[in-house]
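Notes to accompany the following structure.
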Amino acid sequence: MSRAAARAPVGLVLAAALGAVALPAQADIYSCVNARGQRLTADRPIAECMDREQQVRGADGSVRRILPPSMTAEERTAAEEKRRREQLEERTRRDAIRHDRNLLSRYPDIERHNEAREAALEPVRSAMQSTDKRMEELERERRQLREEAEFYKGRELPRALKHKIEQNQVATQAQKDAMQSHQAENRRINTSFDQELTRLRQLWNGAAPGSLTAPTAAR
């Protein structure tokens, strides 16, 4: 061996032995032994060794890291599903924190929450009162029509009277349906505020935003 070769850095000699000819000083060198027992080297991950470990060396010959075998299709699917699940959980956590902070900002105390409940219920109560009033009017009309129909007992009712009776029945049923709808909305609003109040009490007592169970849907 020549004196020049003897003085050559050990790293360069190893790099040459690995086939890394004329690579930049800081380039990574990928090295592996394939299924046939052959050692392969390249300046990028080696496709033939994706099912086994690959050493990643620096230009000085030192091992910088170990590239693990690539995943199977099933493993990649499982890993992707896990990643999506974790991302969903993280988004849910951030949404819960944001929801709770907004809740505390809107309702710093129970008085503000009660005011909001009353404001939300007011239109429904007004609609229920209007429906009640209309049903009373229809009931008075129904009694009048019934008295008028008594005059024709045993005979066929005049067409106009029959039409008024049918109209009254249809209008009465419509108001009953409307009242059921108003009552359902009244219950929904109260239930929503009750659930919200339960959460607020925990937050007012020191629970950290986002630490409780997932919040219910907003009104």
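The values are calculated or read from the model by the stated rules, or taken from the named source; none is laboratory data. Predicted model only: the values in this text are computed from it and were never measured. Don't worry about glycine lacking a Cβ; one is built from the backbone with ideal geometry, like all the others, and counts go over all protein chains shown. These area figures cover heavy atoms from the full protein model, side chains too; ligands, DNA and RNA do not enter into them. Shrake-Rupley method; radii C 1.70, N 1.55, O 1.52, S 1.80 Å.
Among the residues making up the range 129-168, those that are of a type in the set (Ser, Thr, Tyr) and in a helix (DSSP H, G or I) are SER130, THR131. In the set GLU89, GLU81, GLU148, only one residue is open to solvent by 90 Å² or more (accessible area, probe 1.4 Å), out of contact with any Ser or Thr (no Cβ under 8 Å at 6 or more places or on another chain) and of a type in the set (Asp, Glu); that residue is GLU89.
Scan the range 112-122 and tell me whether some residue there is assigned to a helix (DSSP H, G or I), among the basic types (Lys, Arg) and either touching a residue at least 60 places away in the same chain (Cβ under 8 Å) or within 30 Å of THR92 (Cα to Cα) (or both). Yes, there is a match, as at least one residue in the range 112-122 is assigned to a helix (DSSP H, G or I), among the basic types (Lys, Arg) and either touching a residue at least 60 places away in the same chain (Cβ under 8 Å) or within 30 Å of THR92 (Cα to Cα) (or both).
Scanning the range 165-195 for residues that are farther than 12 Å from ALA120 by Cβ, open to solvent by less than 40 Å² (accessible area, probe 1.4 Å) and hydroxyl-bearing (Ser, Thr, Tyr) yields a single hit, THR172. Every condition in (1) assigned to a helix (DSSP H, G or I); (2) open to solvent by 40 Å² or more (accessible area, probe 1.4 Å); (3) at pLDDT 95 or above; (4) farther than 30 Å from VAL170 by Cβ is met by SER126 except one, and the failing one is (4).
Hey, does the range 175-191 have a residue that's under 28 Å from GLU89 (Cβ atoms) and not aromatic (Phe, Trp, Tyr)? Yes: one or more hits.
Of all residues being part of a helix (DSSP H, G or I) and polar (S, T, N, Q) in the range 70-99, which is farthest from PRO215 (Cα to Cα)? Just the residue, please. If we take residues in the range 70-99 being part of a helix (DSSP H, G or I) and polar (S, T, N, Q), then THR77 is farthest from PRO215 (Cα to Cα). Considering the range 43-69, the residues that are aliphatic (A, V, I, L, M) and assigned to a strand (DSSP E or B) include one that is farthest from VAL33 (Cα to Cα), namely VAL63. Hey, could you check the range 153-164 for residues that are open to solvent by less than 80 Å² (accessible area, probe 1.4 Å) and in contact with a helix residue (DSSP H, G or I) (Cβ under 7 Å, 6 or more places away or on another chain) and say which is nearest to ALA120 (Cα to Cα)? Step by step, filter the range 153-164, then rank; the result is LEU161.
Within the range 31-43, take every residue that is at pLDDT 90 or above, of a type outside the set (Ser, Thr, Tyr) and in contact with a strand residue (DSSP E or B) (Cβ under 7 Å, 6 or more places away or on another chain) and give me the one that is most open to solvent (accessible area, probe 1.4 Å). Out of the qualifying residues, it is ARG39.
Being surrounded by 16 or more Cβ atoms within 10 Å (Cβ to Cβ) and in contact with a Gly (Cβ under 7 Å, 6 or more places away or on another chain) is a property that ALA96 has.
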